[in-house]
1. Can you name the helices (runs of 4 or more DSSP H) wholly within the stretch A:286-350 that have at least 2 residues being acidic (Asp, Glu)?
2. Is it true that A:His125 is modelled with pLDDT of 95 or more, open to solvent by 30 Å² or more (accessible area, probe 1.4 Å) and in contact with a Ser or Thr (Cβ under 9 Å, 6 or more places away or on another chain)?
3. Does the stretch A:127-146 hold any residues that are touching a residue at least 40 places away in the same chain (Cβ under 8 Å) and away from chain B (no Cβ under 14 Å), and which are they?
4. Do we have any residue at all in the stretch A:149-156 that's touching a residue at least 60 places away in the same chain (Cβ under 8 Å), of a type in the set (Gly, Ala, Ser), away from chain B (no Cβ under 14 Å) and open to solvent by less than 20 Å² (accessible area, probe 1.4 Å)?
5. Could you check the stretch A:28-60 and list, in sequence order, the residues that are more than 30 Å from A:Pro360 (Cβ to Cβ) and either under 23 Å from the mean Cα position of the chain (by Cα) or facing chain B (nearest Cβ under 10 Å) (or both)?
6. Starting from residues that are assigned to a helix (DSSP H, G or I) and touching a residue at least 12 places away in the same chain (Cβ under 8 Å), keep the ones in the stretch A:263-277 and report whichever is nearest to A:Ser182 (Cα to Cα).
7. Step by step: first the residues of the stretch B:35-56, then only those that are at pLDDT below 95 and open to solvent by 10 Å² or more (accessible area, probe 1.4 Å), then the one that is farthest from the other protein chains (Cβ to nearest Cβ). Which residue is that?
8. Looking only at the stretch B:93-139, count how many residues are part of a helix (DSSP H, G or I), open to solvent by less than 10 Å² (accessible area, probe 1.4 Å) and away from chain A (no Cβ under 12 Å).
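The values are calculated or read from the model by the stated rules, or taken from the named source; none is laboratory data. Model, not experiment: these values are computed from the prediction. Because the Cβ atoms are built from the backbone with ideal geometry, glycine has one as well, and the counts that use them run over all protein chains shown. Surface areas here come from the heavy atoms of the whole protein model, side chains and all, with no ligands, DNA or RNA. Shrake-Rupley method; radii C 1.70, N 1.55, O 1.52, S 1.80 Å.
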Amino acid sequence: MLDGSEGEGVALAMRIVTGLARVRGAEELVEVTGAHIDSCLYHGRAGLDFAEKLVELGARVRIPTTLNVGSLDLIHPGTVRADEEHPDLLTAGRALMDAYVAMGARATFTCAPYQVDARPGLGEHVAWAESNAIVFANSVLGARTDRYGDFLDICAAITGRAPRAGFHLDEARRAAFVIDVSAVAPHRWDDSAWYAVLGHLLGGLAGQRVGAIVGLPSSTNEDDLKALGAAAASGGGVGLFHAVGVTPEAPTLEAVVAQEDPEVHVFVDADLVAARRGLCTADGSRIDAISLGTPHASLTEIKALAEEVERTATVVADGVTAYVSTGRGVLALADAADLVEPLKAAGFTFVVDTCTYLVPILPEGTRVVMTNSGKWAHYAPGNLGIDVVLGSLVECVAAAGAGRVALDV
Amino acid sequence: MSELAAVALTRGEGRGPVVRLAEPVSFWGGVDLHGTIVDHFHPDVGTSLTGCVLVMSGGRGSSSASSVLAELIRTGKGPVAIVLEEGDAILALGAMVADELYGIVMPVVESGRLGDRLMTGDMVTVVSDIINGRASITL
């Protein structure tokens, strides 16, 4: 492929793949059977130049390829405003999304492709980008992807190759330390926000290491693990974690630890409560907005939201905006299940293809936002210049209705 | 003058004042398009990385850092070199793509613990050769 016999686009892609192999010290490449691409989100001219160069050179993906969020909500035009940092966001952002679709990637535009049909199996080698998707593929599905980023993702999709390194290898997947949460009160695990808090703690401890968590209940579901992984990946360099008795590679602790006597960190309720407080940058009780669905809300999460709104007869208060971000595929399913119209009638706004902390969607003048996502809480203050409160779904819905927040500890 | 040996991850030469960070920064979400650290949780928040030799222990955070770095290189707002105690593929890729698209080279090198000798303000030259895999950091 490097010699240009498959075209200049493939040759460029292969130079990037082999360049990465050199950096990773990999002597071989591995064949990957699926790709998930993050390069379709606009960060400036360089990313668009890269995609358009590949299109111009005739490059096409050769494996099933999904796309992560873009800069625009193509289903609800006008959702995203242009901003000072990227005055060309709406045009260049659109051009970038189009370029990736032109190369044959599916227009999924979601950070949770695993919620539709991109679900590689146990041990399957793939090339996935985007930190929460990487953690989910490795941890929850037991597939094998390294922490791929922009540029490499499309090059892996074009060549069907990635360096045989990192999480593609057995030895990199073993846990270097253990987190024990057996002493945490069981009721905490009823809401995924506490899984996000745990993820934030895991990320802080892990750096780029693999941790194994013991003591999570068997009721832990994919939405919980999604929240945990996303927070861990944004708080640190986590690409894989194990939850003993829950995730597929960890039926027992012994199956996943790298050595006989691993370091063990015990967390109790007080640790989780303190960590949650640490993720809240707002003081006072006023809120201007709530934002749910980071990573993109699943069908079960939208259903849980609809049920909570109905149970409490909540209507979003005047002066408050309430967003739910999800994938267009899940939105279609939610609509078919009659979940969308009642939520819109209650004042909720759906966002697809993109996310509320990445691009200007929240109204100007928004100062304090409540979320149930550890990932959103981590990135939004820096990205948007706002303050954040992290709470459970029940607390977020109550806050949307009242315009004020009161947290149950 | 002293010279530290390092491993070459991307090619090129860069000279500038060291900015040594207390902990790694994620270029995506943590550094704005002016090259300034904006991560509220980062101890060095507010520091400009433009024109510096960035020294940190490793990479961090979102895989979108490659795009942000490539864009900073394109506009001249990024570091002139990056020295990592432990190499990071995400940063190396950003530099590789800027090289492919624009011919602008920005060396990314792996120094191991030798990087501890570099202090903020030191004027250094980083030279990185990916053919032989060797790089040097000269104070």
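1. On the way: elements: A:299-312, A:328-336, A:340-345.
Output list reads A:299-312.
2. Working: modelled with pLDDT of 95 or more: yes; open to solvent by 30 Å² or more (accessible area, probe 1.4 Å): yes; in contact with a Ser or Thr (Cβ under 9 Å, 6 or more places away or on another chain): yes.
The answer is yes for A:His125.
3. A:Ser139, A:Val140, A:Leu141, A:Gly142
4. Of all residues in the stretch A:149-156, those touching a residue at least 60 places away in the same chain (Cβ under 8 Å) come to A:149-156.
Imposing the further condition that a residue be of a type in the set (Gly, Ala, Ser) reduces the set to A:149, A:156.
When the remaining residues are screened for being away from chain B (no Cβ under 14 Å), the result is none.
Scanning the stretch A:149-156, I find no residue that is touching a residue at least 60 places away in the same chain (Cβ under 8 Å), of a type in the set (Gly, Ala, Ser), away from chain B (no Cβ under 14 Å) and open to solvent by less than 20 Å² (accessible area, probe 1.4 Å), so the answer is no.
5. Selection gives A:Val32, A:Thr33, A:Gly34.
6. Start the filter on the stretch A:263-277 by keeping residues that are assigned to a helix (DSSP H, G or I), which leaves A:269-277.
Now drop any that are not touching a residue at least 12 places away in the same chain (Cβ under 8 Å), which leaves A:269, A:271-273, A:275-276.
Numbers: A:Asp269: 10, A:Asp271: 13, A:Leu272: 13, A:Val273: 16, A:Ala275: 17, A:Arg276: 19 Å.
In this case the residue turns out to be A:Asp269.
7. Residues of the stretch B:35-56 that are at pLDDT below 95, as a first pass: B:38-42.
If we keep only those that are open to solvent by 10 Å² or more (accessible area, probe 1.4 Å) too, we end up with B:38-41.
Values: B:Val38: 5, B:Asp39: 5, B:His40: 5, B:Phe41: 7 Å.
Applying the filter and picking the extreme gives B:Phe41.
8. Quick first cut of the stretch B:93-139, residues part of a helix (DSSP H, G or I) only: B:93-102, B:112-117.
Checking the rest, the ones that are also open to solvent by less than 10 Å² (accessible area, probe 1.4 Å) come to B:93-95, B:97-98, B:115.
Now narrow it down to the ones that are away from chain A (no Cβ under 12 Å): B:115.
Residues meeting the conditions: 1.
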